[in-house]
Structure formats: C-alpha cells, structure tokens
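Participant: Before we start, here is the structure in question, set down as structure tokens.
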Amino acid sequence: MTAAAPPDPHTHRHLEWDGCFNVRDLGGLGRHAPCAFVRADSVEKLTGDGWAAAHAHGVRTVLDLRNGDEFGTDAAPRPDGMTTLRMPLDGIEDTAFWGPWFTDWRWGTPLYYRPFLDHFPERVAATAEALATAGPGGVLFHCAAGRDRTGIVSLLLLSLAGATPEEIAADYALSEERVAPVFAAMGRADEVTAQADAYRRHATTPYTEMAEVARWFDAGAYLTGAGVPDATVAALRRRATGES
C-alpha cells in the first residue's frame, strides 16, 4: 500500500494571483524564507491584477523553464522593473532520453526525476546559477503547469534550505489538486487522467514518489558534483534561507 500525502501545515503558502492556478511561496518549509522564491504555473495568463499581486509580493525576476515552442503572449503587461529570464530546463530535444517516458505518461510524475537529474546535471546546474545570481528581490520560477519542471527546481531549493523529504513531498502533492484547471485552460484536460492512470499502473502516489526522490537527493552535493562553484551553492542557499 502506498502512502497518501499528510495534511499540509503550510496551506497559507498558496497565492491567489488572478490568471494563475498553482502558485505557492516556498517560505516556511525547512529554513526557507518567505518571499525569496515562488513556484507557479505559466505567468502568461496573469491579469494586470495578478501581476500587481506578484509585484507586491516582492517578485522582481521571473525564470521561465519552458521550451521556446511553449511561449505565448502575455494577457497583461509585466510591471516595470520585472526581469524575465528564459532557461529551458528539460532538454526535450534529447529524444533518446525522453521517448520512453512519454510513451506511458510517466513524464508528468516524479518517477522520471532521478533519471532526469542523473542525465542532465549541466541543465540543473545552469538553472541553479541563474537563481543564485538573479537581481535583487524575489524570484518566481515556472513551467507550464507549475508541477514537474517547477517541481525539480523546488526540490533543489527546498533541499538546500533543509526541508524534510516529507515537506518536499507534501508541497509537490499540493499541485495535483490544482493542475486540472491549468491543463483544461491549455486544452489538454485528458493529460490529467492519463497521468493518474500512470500512478495506478505503478501502484504509487505523487507524495510517495516525491518523498523517495527527496530522501535520495542532496542538493549541495549534487550541485558540487555538477560543477557549480561552492561559492555559488552557498549564495543560493543564503538566498533561499535569508541566512548570512
């Protein structure tokens, strides 16, 4: 029998920004400071009020993890002083790696996280360096649904901030109830059912799989092994925790 996600003590981290469905502040998990990093689904859907809320929350940099063919048009202008960085994370052009994961829908689950992290350390390292060196203010990072590419970056940051595997897994599981309207808005509602079927076939749950990955993953050691300088790893940890 697989474990279900326990009640999340940090539901206040949900941010209701008009136009998005799956936005959370990582603050409160481990030693992660509030307003340092925010995870989200695609911000292209944010309305003017949504962008105003993001700006009021302290966000000054947006890191877009999507591929170029996923870019669309913003529903409303981004505020003055908001920097956007685009850094595709998943290396989708590597069809030899991705082919097997797409065939049975495991790509939308943490089942692919450990193979991905083993296969693409340079991509994760580049993303970590971008997060560490972003300008002043909070950083929002997002993919399309705010679940898997965003989940890998959340795993990285929360591991650095000393969050427990259970906290990391509970945070990931929160996305499951919020991605249905995201995929519906993209015209891809069937993917939610397909990925739920993948969990049933593997007799597991989002919480169980994410907890297993989080128990294995040590962000500091991983980034060092991927060639990220110790000073950059330390800077990213300071940025996440607010600790000197």
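Participant: Please arrange 16, 166 by accessible surface area, largest first, computed with a 1.4 Å probe and ligands excluded. List each step's numbers first, then the result.
Facilitator: Details: 16 135, 166 75 Å².
Ranked list, largest accessible area first: 16, 166.
Participant: With each run of n ≥ 4 DSSP H residues scored as -39500 (n - 2.57), what mean residue ellipticity at 222 nm is computed for the chain after dividing by its residue count and rounding to the nearest 500 deg cm²/dmol? Working shown, then result.
Facilitator: Numbers: 11 runs with 109 residues, N = 244.
The helix-only estimate for the chain comes to -13000 deg cm²/dmol at 222 nm.
Participant: What is the set of long-range amide H partners of residue 146 at a cut-off below 5 Å, with H atoms built 1.01 Å from backbone N?
Facilitator: 42
Participant: Quick one: ranking 210, 186 by accessible area, 1.4 Å probe, largest first, what do you get? Present the calculation step by step, with values, prior to reporting the outcome.
Facilitator: On the way: 210 5, 186 70 Å².
The ranking, largest first, comes out as 186, 210.
Participant: Sort 216, 17 from largest to smallest accessible area, using a 1.4 Å probe on the heavy atoms of the protein chains.
Facilitator: Values: 216 80, 17 15 Å².
Greatest to least solvent exposure: 216, 17.
Participant: Moving on to the next point. For the pair residue 230 and residue 14, how long in nm is the line joining their label points, each one 7 Å along Cα→Cβ?
Facilitator: 4.3
Participant: Over its Cα atoms, what ratio of radius of gyration to 2.2 N^0.38 Å does region 35-109 give? Let's see the in-between values first.
Facilitator: Working: Rg = 15.2 Å, N = 75, 2.2 N^0.38 = 11.3 Å.
The value comes to 1.34.
Participant: Among 89, 233, 68, whose Cα sits farthest toward the positive end of the charge dipole of the chain (+1 at Cβ of Lys/Arg, -1 at Cβ of Asp/Glu, about the Cα centre)?
Facilitator: About the Cα centre, the residue reaching furthest to the positive side is 233.
Participant: Relative to the present Cα-Cα distance, how much length would full extension add between residue 180 and residue 94 at 0.36 nm per residue of separation?
Facilitator: Working: separation 86, 0.36 × 86 = 30.96 nm, distance 2.76 nm.
So the extension gain works out to 28.2 nm.
Participant: Run through every distinct alpha carbon pair of the chain and return the Kirkwood hydrodynamic radius in angstroms, one decimal place.
Facilitator: Working: mean 1/r = 0.0556 Å⁻¹.
Final number for the Kirkwood radius of the chain is 18.0 Å.
Participant: Moving on. Mean projection of the alpha-carbon convex hull of region 103-244 over all orientations, in nm²? All intermediate terms of the calculation are to be shown ahead of the outcome.
Facilitator: Numbers: hull surface 35.6 nm².
Taking a quarter of the hull surface, the average projection is 8.9 nm².
Participant: Please give the contour-minus-distance gain from residue 114 to residue 189: 0.36 nm per residue of separation, less the Cα-Cα distance, rounded to one decimal in nm. Don't jump to the answer; show the numbers that get you there.
Facilitator: On the way: separation 75, 0.36 × 75 = 27.00 nm, distance 2.64 nm.
Full-extension gain reported as 24.4 nm.
Participant: Follow-up question, since we're still on this one. How long is the gain from residue 200 to residue 244 if the chain were fully straight, where each residue apart is worth 0.36 nm and the alpha carbon distance is subtracted?
Facilitator: Numbers: separation 44, 0.36 × 44 = 15.84 nm, distance 4.47 nm.
The residue 200-residue 244 span can extend by a further 11.4 nm.
The values are calculated or read from the model by the stated rules, or taken from the named source; none is laboratory data. Keep in mind it's a predicted model, so treat the numbers as computed, not measured. Don't worry about glycine lacking a Cβ; one is built from the backbone with ideal geometry, like all the others, and counts go over all protein chains shown. Ligands, DNA and RNA are stripped out before the accessible areas are found, and what is left, the full protein with its side chains, is counted by its heavy atoms. Shrake-Rupley method; radii C 1.70, N 1.55, O 1.52, S 1.80 Å.
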